[in-house]
Amino acid sequence: MQGGDPMVDLVSQLLAFFFKQSPSVIWRRIRERDMPWIVQLAVYGFCGVLATVVAVTQIVILSKTVIPAYEGMMVDGAAISDDLRAKNLLINNTISFLTTNVFVYFMNVMLVFKRGRHHPWMEFLYFTVINGLSFGLSQVAGPWLVHQFGVGTNVAIATNTVFAALINFVARKFFVFKG
């Protein structure tokens with residue numbers, strides 16, 4: 001469509017991909033990576049949602065069982081201190097980051113990106129470094145947004161999530177994988 005609204009065109013492409021083909025054709029095209037970039041971004045977003053569910057589930061389970069990090073929990077017969085809670089939550093977040101990184105790497109390889117730009121070990125290393133940098137930046141950016149601009153916590157979290165996802169998508173698409 002020439003002269004149309006670009007956003008409408010993108011949404012139309014996305015809807016046409018998912019609603020004008022049979023599920024088997026959709027699945028084949030996703031596995032073969034034969035899809036418009038807007039569809040690739042949507043599938044990437046789906047993988048991100050799954051990764052978030054996996055990460056949060058791990059953090060909650062670890063924090064409620066193995067490495068206590070909830071207020072009111074008892075550790076060595078006393079209520080857990082805020083300092084120990086914060087330390088344990090950092091440990092749980094780190095464990096979750098490491099395991100979720102492996103999960104989301106394989107989801108990205110299976111459903112989103114084409115491999116082969118780098119040796120598989122280098123590809124995973126680059127993937128992990130970019131994911132780690134994005135995670136680190138998001139941990140700094142949220143408090144900065146709150147402090148600098150007084151934005152609400154949920155706005156800071158949403159902003160971090162969106163920007164981290166976009167940074168990861170672009171870096172993975174154009175640097176880590178073949179596209």
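When the range 134-179 is limited to residues that are in a helix (DSSP H, G or I) and basic (Lys, Arg), the one that is modelled with the lowest pLDDT turns out to be Lys173. Of all the residues in the range 99-119, those that are in a helix (DSSP H, G or I) and touching a helix residue (DSSP H, G or I) at 6+ places or on another chain (Cβ under 9 Å) number 12.
The values are calculated or read from the model by the stated rules, or taken from the named source; none is laboratory data. Owing to the predicted nature of the structure, the values given are computational and were not obtained by experimental measurement. Note: ideal-geometry Cβ built from the backbone for every residue, glycine included; neighbour counts use all protein chains shown.
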